[in-house]
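See structure below.
FYI, it's all coordinate maths here, none of it is from the lab. What you are looking at is a predicted structure, and each value in this text was computed from that prediction instead of being measured. Virtual Cβ from ideal backbone geometry, glycine too; neighbours counted across all protein chains shown.
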Amino acid sequence: MAYVDSDFRAHYFEMLRRKRLYSGIVLAIFVLLLASGFLLANDRNAGGFLQGMPQVLDFPADVVADAAPKVAELPAHLVTYFPALLETVNIAAVSTLAGGVLAIFVSLLSTRGLARFPRPIPVFRRFMDLCRAIPEIVIALILIFVLGGGPVPAMIAIAFHTIGALGKLFSEVNENADLKPVEGLSSVGASWMQRMWLGVVPQVAPNWLSYALLRFEINVRASAILGFVGAGGIGYELKNTMSWGQGKFDEAAAIFILLFLTIVVFDQLSSAVRNRLTHGRAVL
Amino acid sequence: MQGTASHARYAAAEALLSRKRLMAFLVPGVVLAYLVYIFFAFDIPGLAQRADLENGRTLIRDAYSYKTHVTRDNRSGDVSVSIEGERKGDYPEGTAPEWVALGEETVVTLPRGHEVRFLPGNALVYDFPEGDPRADIEARIEDREVVTDIGEALPDHVSLSSSRLNITTEAGRVSLTNNRTEVFRYFTGWELFFFTLDSPYHGHSFWSIAFGERIDSERTNIAGAVSDFWNNAMWRHKDVAWAIFETILMAFLGTAGAALIALPLAFVAARNFSRLWAARFGVRRIFDFVRGVDGLIWTIVLSRAFGPGPLTGALAILLTDTGTFGKLFSETLENVDSKQIEGVQSTGAKKLQRYRFGVIPQVIPVFLSQALYMLESNTRSATIIGAITGGGIGLLLTQAIITQKDWEEVTYYIVLIILMVMFMDSASSWLRNKLIRGE
């Protein structure tokens, strides 16, 4: 008995040692990759990390220095650029709305047990993967070439990506939906649309809404970035004001403030609503 | 008593129903009104004027085909052939593909029996095949002006002014101006994708390179072919591979660095681990701040200090994601199961041991899975940040789009980006399964 016990102990410690060794090796490789990666990135960068570090605050300091003497004009600038901000938010809202509605259909069509046609489920899934894999900027830049600048290319680009991102999350939610209401509805002869609308949507709508709000917050950021490459909105104005150069950064400062506040406000708003959606209490 | 209670409940249900009925009309109505507002705010009716469908057609045609230019300099009379009209695609002087016969009278054979002849005296003849209802066209430059044998009524495939003649048919395109006579012939495919014209391996099949006789006497076939492919001046395979690597590097460094920085800070921000209200509040506001400033602004600020390149992109991702991870990690820590910690404590463990054996094993799998999820989305962010600051595949993509003619390269980059993101997606989910479930 005692022999078996000590054998177990030896075996256990042997396994423990090996596990620790493996974890140590994995950790060492990770640290090595990280360090060499940073060194490589540093080498391939135009300016090095150590030379650049003291200058990190130069640009923010310039912006503050330009904006501080003209602080009285700041409210006027905020008002000037508000329409551009509105456009950025509108791009995000419309693309979340359109992408979300399409994502609902695609996700229902690609969920086992709910799909209208079971056979093409993999087709819809691959379609969602494709939508998700293409960065918004790719579609936006090409559409800007064809459709000209403005909010429409950004809207289409973000909506396309949203279909993929939300479609995947929605179909995960759909998979957890109870199928009994759907069966009940089909037993009384409901069409597919009626089964989905009355049997599935009431179960999953809060989760859908919560994911859509999170996506909206992400899309506000994306739409600001797309503006920077020519798709209109606050990003476009930011690029213009930045190009005026030093001494004229006061308007850029106003845009920075607007952008920061918008992102923070929508971030807080959407997380507050999402909290209420997931932890009881109806919003409506 | 019971009657009034049920009456009140009945009334409440009635009110709820009527409110729901109202919402059922109100919500779609508000959405519709918003869409109408957007329709005008985004100037959708004016889109038709701004859109350039010709651009769209060029883009689609260029994505899968290329054109070879046969050009005669009308002053010197020299004829040159080049692919896409680029220097990198020039045929060496005096040589031409087999469908161009150089000589006193240069004959360019187009598909479907069409033929263009460059005649002396800056003249050209476009011969349609026999049985084609369209009449052959003769044109020449006289006194710096285009003279043709076309009558007053211009056919659909010709556009003509005194300085320029354009003939566009299904077989190709011809243009004649004072300075030059040009014929464009279209081919399907991506031109010179493997080897440029100056490489000895151009035009050889894979089989003859791999197993045939030595083509270039100085190098073995495989080494020479790989090196010529890798250094292809038109498609720049080497630069593209580096760019993809840089983009993945940015995503990896940003994600891993952010996770490492956020890890200790998350303990300070979590309510159940940090007793100090001020520290908690301070760290949380830092998380909110770096997240709120957003990748775009961080990219601008950092690229001013560090210049374009992968380090700038990596740091921009790192800063934004420190906020995201901090928030996610501290929420995970607040939801940690205290039973496991108490269990460890009951064996007499010290504070550090409680963390090591009570907390870490619970949260590390969750943290890892969150970080790996972000890795995939950061690959896309790195592409976008690269397009703004100049680094990685994003830079190559924007450069190719700005030229507005290298759409085959744009297509190539897009395909590579999609493959890269999908690769990172499956790599991260493979790692997730491997590390967390131990499969």
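Along the charge dipole of the protein assembly as shown, pointing to its positive end and built from +1/-1 on Cβ of Lys, Arg, Asp and Glu, which listed residue (B:41, B:113, B:362) has its Cα farthest out?
B:362
Cα gyration tensor of region B:96-135, axes a ≥ b ≥ c as square roots of the eigenvalues: rounded (a/c below 1.5), prolate (a/b > b/c) or oblate?
oblate
Roughly what % antiparallel, to the nearest 5, for the DSSP beta bridges in chain B?
Of all bridge pairs located within chain B, approximately 100 percent are antiparallel.
Evaluate the charge dipole of the protein assembly as shown about its Cα centre and quote only its size in Debye, nearest 20, assuming +1 on the Cβ of each Lys and Arg and -1 on the Cβ of each Asp and Glu.
It comes to approximately 4780 debye.
What chymotrypsin sites (Phe, Trp or Tyr not before Pro) does region B:79-129 have in DSSP loop regions with at most 16 other beta carbons within 10 Å?
B:99
DSSP H helices in chain A with Cα extent of 27 Å or more along the helix axis and mean Kyte-Doolittle hydropathy at least -1.0?
What comes out of the filter, once short or polar helices are dropped, is A:2-44, A:74-109, A:151-175, A:201-226, A:250-278.
Taking only Cα atoms, what is the 0 to 90° angle, nearest 10, from helix B:2-41's long axis to the longest principal axis of chain B?
The angle comes out near 30 degrees.
Only Cα pairs within less than 10 Å get springs; with that Gaussian network setup on chain A, which residue of A:175, A:14, A:136 has the largest fluctuation?
A:14
Could you work out how far helix B:237-269 tilts from the main Cα principal axis of chain B, as a 0 to 90 degree angle to the nearest 10?
Tilt relative to chain B: about 10 degrees.
Would you mind ranking B:23, A:242 so that the residue whose beta carbon has the fewest other beta carbons within 10 Å leads the list?
Arranged by neighbour count, lowest to highest, B:23, A:242 become B:23, A:242.
Shape call for the protein assembly as shown from the C-alpha gyration tensor, a ≥ b ≥ c root eigenvalues: rounded (a/c under 1.5), prolate (a/b greater than b/c) or oblate?
Prolate, because a/c is 1.5 or more and a/b exceeds b/c.
Would you mind classifying chain A by shape? Square roots of the alpha carbon gyration tensor eigenvalues, ordered a ≥ b ≥ c; an a/c under 1.5 is rounded, otherwise it is prolate if a/b is larger than b/c and oblate if not.
Since a/c reaches 1.5 but b/c is at least a/b, the shape of chain A is classed as oblate.
Quick one: Debye curve from the alpha-carbon atoms of region B:1-136 only, equal weights, vacuum; give me log10 I(q)/I(0) at q = 0.16, 0.21 Å⁻¹ to two decimals.
-1.00, -1.24
Taking only Cα atoms, what is the 0 to 90° angle, nearest 10, from helix B:392-403's long axis to the longest principal axis of chain B?
Result, in degrees: 40.
Just A:48, A:199, A:164 to compare: in a GNM of chain A, with alpha carbon springs under 10 Å, which one fluctuates most?
So, out of A:48, A:199, A:164, the one fluctuating most is A:48.
For region A:127-260, go through all pairs of different Cα atoms, get the mean of 1/r, take its inverse, and jot down that Kirkwood value in Å.
Every distinct Cα pair counted, the radius reaches 17.4 Å.
Below 15 angstrom from the Cβ of residue A:184, what's the summed charge of the other residues (Lys, Arg +1; Asp, Glu -1)?
0
Counting other beta carbons within 10 Å of each Cβ, put B:65, A:23, A:210 in order, fewest first.
A:23, B:65, A:210
Residue A:249: net charge of surrounding residues, Cβ under 9 Å, Lys/Arg +1, Asp/Glu -1, itself excluded?
It works out to a net charge of -3.
In debye, nearest 20: dipole of region B:237-436 around its Cα centre with unit charges on the Cβ of K, R (+) and D, E (-)?
Dipole size: approximately 1080 debye.
Would you compute, for the Cα atoms of chain B, the largest minus smallest coordinate along each principal axis and list the three values in descending order, in whole Å?
The Cα atoms of chain B stretch 104, 73, 42 Å along their principal axes.
Under the definition of partner shielding as Cβ atoms of other protein chains within 10 Å of a residue Cβ, what is the mean value for peptide B:42-53?
Across B:42-53, the average partner-chain Cβ count within 10 Å equals 4.
Would you mind counting up the charge near residue A:84? Only other residues with Cβ under 12 Å from its Cβ, with Lys and Arg at +1 and Asp and Glu at -1.
Within the 12 Å Cβ shell, the charges total -2.
Of B:297, A:163, how do they rank once you tally other Cβ atoms within 10 Å and put the fewest first?
Ascending Cβ contact count within 10 Å gives the list B:297, A:163.
Under 18 Å between alpha carbons, and skipping anything fewer than 8 positions from residue A:239 in its own chain: which aspartates and glutamates qualify?
A:62, A:66, A:87, A:250, A:251, B:294
Calculate, axis by axis, the spread of Cα positions in region B:57-215 along the three principal axes, and write the results as whole Å, longest axis first.
Largest to smallest, the principal-axis extents are 60, 33, 30 Å.
Where in region B:126-198 are there GluC sites (Glu not before Pro) that are in a DSSP coil and have at most 15 other Cβ atoms within 10 angstrom of their Cβ?
In loop regions of region B:126-198 (DSSP not H, G, I, E or B), the sparsely surrounded GluC sites (Glu not before Pro) are B:130, B:152, B:170.
Rounded to the nearest 20 Debye, what is the dipole magnitude of chain A about its Cα centre when Lys and Arg each give +1 and Asp and Glu each give -1 at the C-beta?
For chain A, the charge dipole is close to 1140 debye.
Considering only DSSP states other than H, G, I, E and B, which trypsin sites (Lys or Arg not before Pro) in region B:238-295 qualify as loop sites with at most 14 other Cβ atoms within 10 Å?
Those that pass, being in a loop and sparsely packed, are B:271, B:275.
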